[in-house]
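The values are calculated or read from the model by the stated rules, or taken from the named source; none is laboratory data. Computed from a predicted model, the values in this text were never measured in an experiment. Ideal geometry is used to build each Cβ from the backbone, glycine not excepted, and the neighbour counts take in all protein chains shown. SASA here: full protein model, heavy atoms, side chains in, ligands and nucleic acids out. Shrake-Rupley method; radii C 1.70, N 1.55, O 1.52, S 1.80 Å.
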Amino acid sequence: MSTVVISQPMYFPWVGMFEQWRLADDFVFFDDVQFARGFINRVQYKTPDGSAWLTVPLRQHGREARICDLQCAEESGWRDKHLRTLALTLAGTPHMHDALGLAEAVLLRRDLGFCDLLIEGMQTVAQYFGLLEGKRLHRSSQLAVEGRKSALIQGLVAHLGGERYVTGMGALNYLDHDAFECAGIEVCYMDYRKREYPQKFPPFTPYVSVLDLVANCGRDGRTFIESGVTHWRQALAARDQA
């Protein structure tokens, strides 16, 4: 069964995004949709006082701007600041140099614009964990599929010949599951296990950047990227009972 995952590109996102990646045969970077505040240009990291944020600053843009049209605001020197922050907060972790090496491989490339930087970061981490083999990677901006919301997602999956679409729980609120079924596409939702791994600053939280997993576990962190899925009917029933 061919599985498609579609996600907005994100800045060194949390482990759960790579759990989706692991399940995909086709991974689509949803880069031509409207930018919205959230986790696209920022990610959490651990500090002695809890979680804080690393944010990629953006040049001024209109409300309708697409992710692929945005530009980083380089004047602030944010790239060097992020690297210094990571070096400080990850100091003493067993595989700090691996994590910093991945970050530097992306952030020191001044030729990378905003969207390319996000995608390169995700691909670099996926390669580190051996999650690129057998994957077909796409950008929605290059697939020329039209539509809105659920119909657009269904169109992208169908365009790639997908038989199963795997996504996060947020899509329960807008996907037309019956339409997917009529098209012969099974919809499944992530069942995140959020496996605990050693972290520098307890208590454990799963929602920080995947670079934290790299720093603490190295390539063995791959064993923590293992979540499964649940069928949409089960996911909908569980939501309604909550």
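Structure above, values below:
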| quantity | calculated |
| --- | --- |
| Count of region 100-147 residues which are of a type in the set (Asp, Glu) and touching a residue at least 40 places away in the same chain (Cβ under 8 Å) | 0 |
| Residues within region 56-69 that are open to solvent by 60 Å² or more (accessible area, probe 1.4 Å) and either touching a residue at least 60 places away in the same chain (Cβ under 8 Å) or closer than 19 Å to Gln8 by Cβ (or both), tallied | 6 |
| Every residue from region 8-35 that is assigned to a strand (DSSP E or B) and closer than 16 Å to Ser209 by Cα | Trp14 |
| Check on Asp111, part of a loop (DSSP other than H, G, I, E, B) and open to solvent by 10 Å² or more (accessible area, probe 1.4 Å) | yes |
| Close pairs from region 228-242: first touching a residue at least 40 places away in the same chain (Cβ under 8 Å), partner among the aliphatic types (A, V, I, L, M) and in a helix (DSSP H, G or I), Cβ under 7 Å, at least 6 apart | Val229/Leu23; Ala235/Met169; Ala235/Leu172; Leu236/Leu172; Arg239/Leu172 |
| Residue count for region 70-99, restricted to those that are touching a residue at least 40 places away in the same chain (Cβ under 8 Å) and not β-branched (Val, Ile, Thr) | 11 |
| Filtered residues of region 38-52 (kept if within 16 Å of the chain's Cα centre (by Cα), surrounded by 12 or more Cβ atoms within 10 Å (Cβ to Cβ) and of a type outside the set (D, E, K, R)) | Phe39, Ile40, Asn41, Val43, Gln44, Tyr45 |
| Residue in region 187-242 that is nearest to the chain's Cα centre (by Cα), counting only those that are of a type in the set (A, V, I, L, M) and over 20 Å from Ala171 (Cβ atoms) | Val210 |
| Gln44, sole failed condition from (1) closer than 29 Å to Glu226 by Cβ; (2) outside any strand (DSSP E or B); (3) of a type outside the set (A, V, I, L, M, F, W, C); (4) at pLDDT 95 or above | (2) |
